[in-house]
Structure formats: C-alpha cells, structure tokens
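The values are calculated or read from the model by the stated rules, or taken from the named source; none is laboratory data. In this text the structure is predicted, and so the values were computed from the model without any measurement. Backbone-built Cβ (ideal geometry, glycine too); neighbour counts: all protein chains shown.
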Amino acid sequence: MKLGELWVEEAGDGPALLLIQGLGNSGWPARHQAPLVPGHRVIWLDNRGTGRSSHDPPPRSIEQLADDAASVLDGLGVGQAHVLGHSMGGYITQTLALRRPELVRSLVLVGTGAGPPGHEPVPAATLESWLQNAHLPPEDYARETMHLSFAPGWADANGELYDRLLAERLEFPTPPTCWRAQFDACVRFVETGLPIERIDVPTLVVHGDADRVVPISNGCSIASRVPNAELVVLSGAGHYPYLEAPELFAEAVRAFLARVERK
C-alpha cells in the first residue's frame, strides 16, 4: 500500500517489527527476512528512491530516510516497534533510535557500521566495482556487482537461488540517480557518525565474517560502543547473512526478541 510517498507492506500478527533495507534495495529482502521471525507484525517499506516509493526528488540524507521510517510507524499507528536494519538500513535504524527513541523497542543491526571513530570503509575492490558500474542501467549494474554482497564463491555455489534473488531485486529497479543519492548519503553518514553510546534500548549486532561490503570490524565497533549490545558473528557469511545462513540468523534474532519481550 502507499503511505504518503512511501510503499509499505506488512505480514503477520504480534509485536511490531520494522525492517529497513540497504543501499539501492527496495523491500525485496524483507520477503526473506519476515518468515524468519514468526509471531510478529512485520512491516517493511521501499526506502525513498527505490521500488514503488517516490523517486523524485532522490533522497537527500540518512536523516530523511530515518524520518521516512518514523512516518511509517506513525502512519500505521504503531507506538513502538523492534527495528531491524541491514547495511544502510542500519545507518537509518541507528539514526531513528536517536531521533525518535520513543518509537524503538529494540534494535537488530545487520552488516552495518556507525561511522567514526575507527570506521573501516568499503573494501577497495568492492567500491571500485560499484563506482565503475554505477552509470549502467539497473539490470547491468546488478549483474556486475551483486555477487560482491555475498561471501566469495557463494553466488556460484547457489546459482539457482542467486538468480531468483537477482530477479527479485530487479522487479522494481532503483534508478542510477537514486542509487547515487543514497550512496552519497551513506558517505556523509560514515564521515560524521553518530553518538551511538546514547542508544538506550536492547541491541543485537549480527555480522558475517566474510562481509565484502561492510567489514566485520564495524559490527564489532558498534557492539563495543552501544551499552549492553550483543554481538553474533556468522562464520563464512557475507553481507546478506539472512540469505546465506538463514537458520543461524533466525535462531539469533528470535532468541534476542524473545528475551526483550519477556522483559
């Protein structure tokens, strides 16, 4: 459904869980995330500039995208939600927790970072591939770069699944101008960072140790800076641990949410 300028979907019943996706992605990863957390009202959106949300004008900042996420919860009458953010979605999620703390019950931060101090940038080989191909039409860009979001060799070893994921990504493709706008917003975020030490909700950090987009040192840094945060490292997983190791990912997230809800 359309909620203002944003495309929003939901499934299930129970405590609210908002899913926020990464750079250039519409809500397609939520189709894989939502079944891993049964017993929840799972809500997701196409970030501004992607999918069926507004593309014009392109997004300006991570703060704007966080305000969009807040507007979804407000528009649906959700007073408080668990929030799971992947990659750029983790930037958005952390920003939301500091801008609108009353909306956030807990955080799950997947394959993401928080900026300085000590932020480790996107590896040079990945960044070079992104920027060299960023001008291409969405289908060509995805075919040239998407494999880098998985552990080395995963795409070849899981060819049928990888092709389905690629098709899902391209169902509602992200225009190059919007990808670049989101990328520039990410660059500004990791240059300035956030005072995440002020986050005052239960936080789970999940990171694959073979991540070729956001190095695992960034997840470890978040876990050391956010008070009482928990860190789960998924061995051999890349930037999409919920696709590469779904059972282990689900086990970690379900257990965390159950602990939060028992309190």
Over region 1-52, the set of residues of a type in the set (V, I, T) and outside any loop (DSSP other than H, G, I, E, B) is V8, I20, V42, I43
Only one of (1) crowded, with 21+ Cβ neighbours inside 10 Å; (2) farther than 17 Å from W179 by Cα is not met by L3, so which one is it? (1)
Restricted to region 17-33, and to residues that are hydrophobic (A, V, I, L, M, F, W, C) and touching a helix residue (DSSP H, G or I) at 6+ places or on another chain (Cβ under 8 Å), which residue is farthest from L248 (Cα to Cα)? L23
Of the candidates S71, S106, S87, the one satisfying the condition of being at pLDDT 95 or above, on the phi > 0 side of the Ramachandran plot and either in contact with a Lys or Arg (Cβ under 7 Å, 6 or more places away or on another chain) or surrounded by 16 or more Cβ atoms within 10 Å (Cβ to Cβ) (or both) is S87
Within region 98-113, of all residues that are more than 15 Å from V213 (Cα to Cα) and of a type outside the set (A, V, I, L, M, F, W, C), the one nearest to the chain's Cα centre (by Cα) is S106
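For region 195-263, list the helices (runs of 4 or more DSSP H) that sit wholly inside it and hold at least 3 residues that are more than 22 Å from A125 (Cα to Cα) and either out of contact with any His (no Cβ under 9 Å at 6 or more places or on another chain) or not acidic (D, E) (or both); which are they? Spell out how you get there, then give the answer.
Values: elements: 216-225, 241-244, 246-262.
Output list reads 216-225, 246-262.
Out of A134, A151, which single residue is within 21 Å of the chain's Cα centre (by Cα) and at pLDDT below 95? Talk me through it step by step, then tell me what you get.
Values: A151 fails: at pLDDT below 95.
A134 is the lone residue from the list that is within 21 Å of the chain's Cα centre (by Cα) and at pLDDT below 95.
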Which number in (1) touching a helix residue (DSSP H, G or I) at 6+ places or on another chain (Cβ under 7 Å); (2) under 16 Å from N25 (Cβ atoms); (3) part of a helix (DSSP H, G or I) marks the one condition that T174 misses? (3)
Matching residues, region 171-203, being free of Cβ contacts under 8 Å to residues at least 40 places away in the same chain and crowded, with 18+ Cβ neighbours inside 10 Å: P173
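Confirm whether D184 is assigned to a loop (DSSP other than H, G, I, E, B) and out of contact with any strand residue (DSSP E or B) (no Cβ under 7 Å at 6 or more places or on another chain). Steps first, please.
Numbers: assigned to a loop (DSSP other than H, G, I, E, B): no; out of contact with any strand residue (DSSP E or B) (no Cβ under 7 Å at 6 or more places or on another chain): yes.
No; evaluated as a whole, the condition is false for this residue.
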